[in-house]
Amino acid sequence: MLIPTLQGARSMITDSLNPVRVILVDDEEPIRRATRQWLNLAGIEVQDFSRAREALTAIEADAELVVVSDIKMPEMDGLAFAKACREIDPDLPVLLVTAHGDVGMAVEAIRDGVYDFIEKPVEPDLLLDRIQRAWEKRQLVLENRKLRRILEQGPSLEGRMIGNSSAMVALRKQVLQLGETPVDVVINGATGTGKELVARCLHDFSVRRQQPFVAVNCGAIPENLFESELFGHEKGAFTGATGQRIGKIEYAQGGTLFLDEIESMPLNFQIKLLRVLQERKLERVGSNREIALDLWVIAATKVDLAEASARGEFREDLYYRFNVAELQLPKLAHRVEDIPTLFDFFGRKAALQYQRDYTEPESDDLAALMDYDWPGNVRQLRNVAERFVLGMGASRRIRSILGQADTTAAETTGHGLSERVQQFERQLIIQALRKHQGSIQTVTEVLQLPRRTLNNKMKQYQIVRKDYL
């Protein structure tokens, strides 16, 4: 296939956290052995085969690898082999090495889906460059596939309410419990903590999941339109009522009514809502006929309704009606250990949306993310992740996006040095396990930790290896 030589070869720049893997196919044993040794010296993991059919047994869909094959081989030549590879995985990059006389054939193969070809005699640096480019493309393809599966397959609750902090684990458990026996719920959380997301999860994991989910932003409805918007009206009920209109409450029949920013609801309308909640009946404006209701009501607020009631800004009886079940959403600064996972999710999602490469943040970027106090909570983090993917800022991009100085912001987060170090250490271990599919051996090498030390830290931080297989 090629005659390897170390003369003029440069070391390939490889990602030590994710070494390049190559399947090498050539029927000439001396050349295959020398090529394998040479690629190993360049930092590439090589699995070599003398026959194409044997190599096919080592190739699977979604495999992290690049294939390099000669064209002229017995039994199955490189073109047939490349076609068989594409049947296993249509995006698997296959590099064909060809003699000058076969260039036309190789060009035709590229039109059929082969990644690239290299003409003999092979320049070592050229081969390394082509392998590296193929590897980077492969990583992007696999990342996009993973995200698409998350978005398309109806993700689990863990895939929607992201985070492994104790607060998020407890919140997910509450959501599942309430979904089994729906009672009216109030969700309390600061701006940007994900109140509507939690409301949708309550609905989607409840017995009403097949029925409508109707969201109403109480702060966006003019006071004079409140009754008509929520209750609906009959034709001729008032000037301009030229036809019958079904209100939001009735439209949610059989499903879930989500009242966002309920603290903004006018006081004179709160008593009418209380009656609907108690009797599960309503009358459209201009009608005397009562309509029986079967719905689940979820409200959300960014204020303390008990305090608002004490100040006379919210009806006390309506507060107690909702107080049967209350979910308190934590601020992002109170679950710092979830920040890297959330950032990674939003970053990969943005990369897919904007068709950009996604590069995981480096350690100083990760430290900046975890040091910041996040006044805008998860919504702000998503915005920062999108700007990161779009390339805002130069070096130390995260600090640039956040508008931070190089000094940390520990005093704003409320976390001491020891706690912040432990959170950072835990995330480094989780990231390494996730990237290497739970391979303890690889993680010990990457993090340069003795196996016993890694095991102790995983036990300390309650990290379970099987979660990352």
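Which lysines have a Cα lying under 19 Å from the Cα of residue 173, excluding residues fewer than 8 positions away in the same chain?
195, 331
Count neighbours as other Cβ atoms within 10 Å of each site's Cβ, and list the trypsin sites (Lys or Arg not before Pro) in the range 25-107 that are DSSP loop with at most 16 such neighbours.
Passing sites in the range 25-107 are 51, 72.
Between residue 111 and residue 72, how high is the FRET efficiency from 1/(1 + (r/R0)^6) when r is the Cβ-Cβ distance and R₀ = 25 Å? Nearest 0.05.
So the FRET efficiency works out to roughly 0.80.
Be a star and scan the range 449-469 for residues whose amide nitrogen sits under 14 Å from the point 7 Å along the Cα-to-Cβ vector of residue 360.
Counting backbone N atoms under 14 Å from the label point, the list is 468-469.
List the residues whose amide H sits under 5 Å from the amide H of residue 118, counting only those 5 or more places along or on another chain, with H placed 1.01 Å from N in the peptide plane.
For residue 118, the qualifying residues are 96, 97, 98.
Would you calculate, for the chain, the mean residue ellipticity at 222 nm contributed by helices, counting each DSSP H stretch of 4 or more residues as -39,500 (n - 2.57) and dividing by all residues, to the nearest 500?
-13500 deg cm²/dmol
How much accessible area per residue does the chain have, counting only protein heavy atoms and a probe of 1.4 Å, in square angstrom? The partial results should precede the final answer.
Working: 23380 Å² over 469 residues.
Here the per-residue accessible area is 50 Å².
Take residue 287, project a point 7 Å from its Cα along the Cβ direction, then tell me which residues of the range 202-229 have their backbone nitrogen under 19 Å from it.
Zone members listed by number: 212, 214, 225-229.
Please give me, ordered by residue number, the GluC sites (Glu not before Pro) of the range 34-109 that lie in loop per DSSP and have at most 16 other Cβ atoms within 10 Å. Show your work: numbers first, answer last.
On the way: sites: 45, 54, 60, 64, 75, 87, 108; in loops: 60, 64, 75.
Loop-located and lightly packed - 60, 64, 75.
Which loop trypsin sites (Lys or Arg not before Pro) in the range 281-313, with loop taken from DSSP, have no more than 12 other Cβ atoms within 10 angstrom of their Cβ?
Passing sites in the range 281-313 are 289, 311.
Tell me which aspartates and glutamates have Cα within less than 19 Å of residue 459's Cα, excluding those fewer than 8 residues away on the same chain?
In chain and number order, the partners are 337, 338, 419, 425, 445, 467.
Give the carbon-plus-sulfur fraction of the accessible surface of the chain in %, rounded to a whole number; probe 1.4 Å, heavy atoms of protein chains only.
On the chain, the fraction of accessible area on carbon and sulfur atoms equals 47 percent.
Can you list the HN-Hα couplings for the range 444-455, worked out from phi with the Karplus curve (6.51, -1.76, 1.60; θ = phi - 60°), rounded to whole Hz and with x for Gly and Pro?
4, 6, 5, 8, 6, 10, x, 4, 4, 5, 4, 4
What would the Debye equation give as log₁₀ I(q)/I(0) for the chain at q = 0.07 Å⁻¹, counting only Cα atoms as equal point scatterers?
At q = 0.07 Å⁻¹ the computed log10 ratios are -0.54.
Less than 15 Å from a label point 7 Å out along the Cα-to-Cβ axis of residue 263: which backbone N atoms in the range 199-222 qualify, by residue?
Inside the label zone: 218-220.
Taking R0 as 35 Å, what's the FRET efficiency between residue 440 and residue 136 from their Cβ-Cβ distance, rounded to 0.05?
Values: r = 27 Å, r/R0 = 0.76.
Efficiency at R0 = 35 Å is approximately 0.85.
Counting only residues 5 or more places away or on other chains, whose amide H sits under 5 Å from the amide H of residue 48 once H atoms are built in the peptide plane?
When sequence neighbours closer than 5 places are left aside, the close amide H contacts are 24.
Where both partners of a DSSP beta bridge lie in the range 217-351, what percent of those bridges are antiparallel, to the nearest 5? Could the numbers behind the result be given before it?
Details: 5 of 11 bridges.
If we restrict to bridges inside the range 217-351, about 45 percent are antiparallel.
How far is the Cα center of the range 323-352 from the Cα center of the range 222-252, in Å?
With the range 323-352 and the range 222-252 each reduced to a Cα centre, they are spaced 37 Å.
I'm checking a number: the convex hull volume of the Cα atoms of the range 160-251, normalised per residue, in Å³. What is it?
Details: hull volume 11.0 nm³, N = 92.
Taking the convex hull of the Cα positions in the range 160-251, it is 120 Å³ per residue.
For the range 43-52, in order, what is each residue's ³J(HN,Hα) by Karplus, 6.51 cos²θ - 1.76 cosθ + 1.60 with θ = phi - 60°, in whole Hz (x at glycine and Pro)?
So the J values, rounded to whole Hz, are x, 10, 7, 10, 10, 10, 9, 8, 10, 5.
Under a 5 Å amide H to amide H cut-off, with H placed in plane at 1.01 Å, what residues pair with residue 296 once short-range neighbours are removed?
255, 256, 257
Compute the length gained on full extension between residue 316 and residue 148: take 0.36 nm times their separation in residues and subtract their Cα-Cα distance, giving the result in nm to one decimal.
Here the answer is 55.9 nm.
How far is the Cα center of the range 453-469 from the Cα center of the range 58-85, in Å?
What the calculation gives is 37 Å, centre to centre.
The values are calculated or read from the model by the stated rules, or taken from the named source; none is laboratory data. Quantities reported herein were computed from a predicted structural model and do not represent experimental measurements. When we count neighbours, we look across all protein chains shown, and the Cβ atoms used for this are built from the backbone with ideal geometry, even at glycine. Side chains are part of the model used for accessible areas, which takes the heavy atoms of the whole protein and leaves out ligands, DNA and RNA. Shrake-Rupley method; radii C 1.70, N 1.55, O 1.52, S 1.80 Å.
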